[in-house]
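Single-structure report; data block below.
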Amino acid sequence: MEIVTKIAPIALALIMLGLGLGLAIKDFKRVLTTPKDFSIGIICQLILLPIVAYVVIMVLRVPTEIALGLMIIASAPGGVTSNVLTKFANGDVALSISLTAVGSLISIISVPFIVFTSADLLNVTEMSKEITMTGIAIKMALVVTVPVIFGMIIRSFADNFISSNLKMINKITGLLFIIVFIAVWVEERENIFSYLVQAGTAVLALNIIMMILAFYIAKFFASGIPQMKCISLECGLQNGTLAVFVATQIFDNVAYVVPTAAYALIMYITGFIFIYLLRNKN
C-alpha cells in the first residue's frame, strides 16, 4: 500500500484544512447553547458506534483483520459529507457542523484509544508497524488538529472570500476523498475483492443498525426531527479518509483498510436512501 500510505496523510490534511475553512468560533459555542442535542450526537458517535461495531463483529464472527478494520472506521468521527447530506435531508446543519468539528478534534484521543483497545480485545498482539497509542495520536494531531486550526485562522482573515467559495472548497475535499479510495482499489485490486466479500455483510450491518439506532435514540431524547436526521446521518457517515490514514499508519496488511473502503461505498447508498425516506418528514 505504498501509494495509499503516501497520499492518505496529504489528502487528510487538505480535507481537514477545508473543514477548518468552513468553521467559525460560533460552531463551537453552539455546543454550549444546545448542549442536549450535541451530547446525544457525540455520545452516539464516540461511545455507541464502537460498541455496536464490536457486537456486530462478535455476532457475525468477523475475521480478525476485517474486524479491527471495522473498529477503525467505527472510531472515526463524522465526515464533512455528513454536513452536506444533512442539508439535503432538511436536518439541523448547524448541529451537524458542530458534531463534525468537535468530533474531529476529539478524534486524536478517541481514535487511538478505541483502536488499541479493540486490538487487545481481538487479540491482535503484533502491530505491523512499530507505533504506540501516543505516536498515532501525535501523527493525527499533525494532520487533523493543526490543519483545522490553520483553516480557521485563514478564514478569520479572509471571511468574505472563504464564505463565497465554500462550495468549491467542499467539492475539492470530496475529490480528495475519492482519490484516496480509488488509490486503495487500484493498488490492491488483486486482493481487495476477496476481502470485500468478507467485510461487506459486517459493514452493511453496522451502517444500517447504527443509523436506525441513532435515529430512534434522537427521537426519544433530541429536540426535534431536524436533530434526529442530523444525529442519524452523523453516526452513519464517517471520515473514511481519516480511517484509511490510521489503518495505513499502523498496519501493512490491506485487510485492515478494506472495511473503510467498503463502508465509504455503502454509507452513501444508505445515506441517500435515508434522505429519500425522510426528506419530507417534518
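Please go through the stretch 219-251 and pick out each residue that is within 17 Å of the chain's Cα centre (by Cα) and part of a loop (DSSP other than H, G, I, E, B).
Hits for the stretch 219-251 are Leu237, Asn239.
Suppose the filter is touching an Asp or Glu at 6+ places or on another chain (Cβ under 7 Å), at pLDDT 85 or above and assigned to a helix (DSSP H, G or I); does Leu105 pass it?
No, not satisfied.
Which of (1) surrounded by 15 or more Cβ atoms within 10 Å (Cβ to Cβ); (2) within 24 Å of Val52 (Cα to Cα); (3) at pLDDT 85 or above is the odd one out, the single condition Asp120 does not satisfy?
Asp120 satisfies all of (1) surrounded by 15 or more Cβ atoms within 10 Å (Cβ to Cβ); (2) within 24 Å of Val52 (Cα to Cα); (3) at pLDDT 85 or above except (1).
Would a scan of the stretch 48-65 turn up a residue that is within 17 Å of Thr145 (Cβ to Cβ), out of contact with any Leu (no Cβ under 9 Å at 6 or more places or on another chain) and not hydroxyl-bearing (Ser, Thr, Tyr)?
Checked the stretch 48-65: no residue is within 17 Å of Thr145 (Cβ to Cβ), out of contact with any Leu (no Cβ under 9 Å at 6 or more places or on another chain) and not hydroxyl-bearing (Ser, Thr, Tyr).
How many residues does the stretch 123-143 contain that are hydroxyl-bearing (Ser, Thr, Tyr) and modelled with pLDDT of 80 or more?
Residues flagged as hydroxyl-bearing (Ser, Thr, Tyr) and modelled with pLDDT of 80 or more within the stretch 123-143 amount to 1.
The rows are residues; the columns are (1) of a type in the set (A, V, I, L, M, F, W, C); (2) at pLDDT below 85; (3) surrounded by fewer than 18 Cβ atoms within 10 Å (Cβ to Cβ); (4) more than 15 Å from Tyr256 (Cβ to Cβ).
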site: Met152; (1), (2), (3), (4): yes, no, no, yes
site: Asn170; (1), (2), (3), (4): no, yes, no, yes
site: Glu188; (1), (2), (3), (4): no, yes, no, no
site: Ile192; (1), (2), (3), (4): yes, yes, no, no
site: Tyr195; (1), (2), (3), (4): no, yes, no, no
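Show the residue pairs that are 6+ apart or on different chains and have beta-carbon atoms under 8 Å apart, the first residue being within the stretch 246-257 and in contact (Cβ under 8 Å) with a residue 24 or more places away in the chain and among the acidic types (Asp, Glu), the second being in a loop (DSSP other than H, G, I, E, B) and surrounded by fewer than 21 Cβ atoms within 10 Å (Cβ to Cβ).
Short answer, once both residue conditions are applied: Asp252/Met1; Asp252/Ser128; Asp252/Lys129.
Just give me the residues in the stretch 26-62 being over 16 Å from the mean Cα position of the chain (by Cα) and without any contact (Cβ under 8 Å) to a residue 24 or more places away in the chain, in sequence order. Spell out the reasoning first.
So the first thing to find is which residues in the stretch 26-62 are over 16 Å from the mean Cα position of the chain (by Cα), and the list is 26-40, 54-62.
Lys26, Lys29, Leu32, Thr33, Pro35, Ser39, Val55, Met58, Val59, Arg61 - these are the residues of the stretch 26-62 that are over 16 Å from the mean Cα position of the chain (by Cα) and without any contact (Cβ under 8 Å) to a residue 24 or more places away in the chain.
The values are calculated or read from the model by the stated rules, or taken from the named source; none is laboratory data. Predicted model, so just to flag it, every value in this text is computed and none were measured. Reconstructed Cβ throughout: ideal geometry from the backbone, glycine too, with neighbour counts over all protein chains shown.
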